[in-house]
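The values are calculated or read from the model by the stated rules, or taken from the named source; none is laboratory data. Please read all numbers here as calculations on a predicted model, not as lab measurements. Cβ coordinates were reconstructed from backbone atoms using ideal geometry, including for glycine residues, and neighbour counts include every protein chain displayed.
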């Protein structure tokens, strides 16, 4: 079973839409959780860390459910510039485990 | 601060040739990582280091060697390149604890 699983999409949404991405992880000993954004042919960049209490950064909200081993990312009022691949990342010990990414295209 | 830098950005090798990829970070991070990214596979860990002079194997270490002689540098070597090693290679670094990783811009390697 994969360490981290994501729906690959693609998600094609109109500007202004709200879109949600989900991710599950297999190891309950996982310690920290992140969403990264990756633009085409570029390096991944941290979007936000994910905490059990949930956290928000502007239009982005991340949630962690440790009991269900589930992570989510909600993007409100989508912008054209949000078009990218979103990577769910889980840390355990010294290693990080990456989902294959969810592709988002925001359409004018 | 330059953050994490990688050299070279692009490289084409013939099967059996060798090369070294250089990763450098100026953030005084203890941990450094080498990943490869292939279509549909996500990032997979090749080797990592938890400090100067240390290295450890990741998920896909075969065909690669690494060295961390200086804290700021992490080298990835391919002794005898194979077409299966055609990929995009990313280096990352992080401080300890629960901190996130910072990535370099990547090296696009093609092995013919």
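Annotation note: of B:42, B:63, B:104, B:58, the sole residue that is touching a helix residue (DSSP H, G or I) at 6+ places or on another chain (Cβ under 7 Å) and surrounded by 14 or more Cβ atoms within 10 Å (Cβ to Cβ) is B:63.
Considering each residue of the range A:82-104 in turn, none proves to be more than 29 Å from residue B:58 (Cβ to Cβ), at pLDDT 95 or above, surrounded by 13 or more Cβ atoms within 10 Å (Cβ to Cβ) and in contact with a helix residue (DSSP H, G or I) (Cβ under 8 Å, 6 or more places away or on another chain). Listed here are the strands (runs of 3 or more DSSP E) enclosed by the range B:61-112 that have at least 3 residues being away from every other protein chain (no Cβ under 14 Å): B:64-67, B:73-78.
Across the range A:21-37, a minimum of one residue is classified as in a loop (DSSP other than H, G, I, E, B), more than 20 Å from residue B:102 (Cβ to Cβ) and either free of Cβ contacts under 8 Å to residues at least 60 places away in the same chain or touching a helix residue (DSSP H, G or I) at 6+ places or on another chain (Cβ under 8 Å) (or both). Of the residues examined, residue A:32 is one that is within 10 Å of chain B (Cβ to nearest Cβ) and surrounded by fewer than 20 Cβ atoms within 10 Å (Cβ to Cβ).
Taking (1) within 12 Å of another protein chain (Cβ to nearest Cβ); (2) surrounded by 17 or more Cβ atoms within 10 Å (Cβ to Cβ); (3) farther than 19 Å from residue B:35 by Cβ in turn, residue A:75 satisfies each apart from (1).
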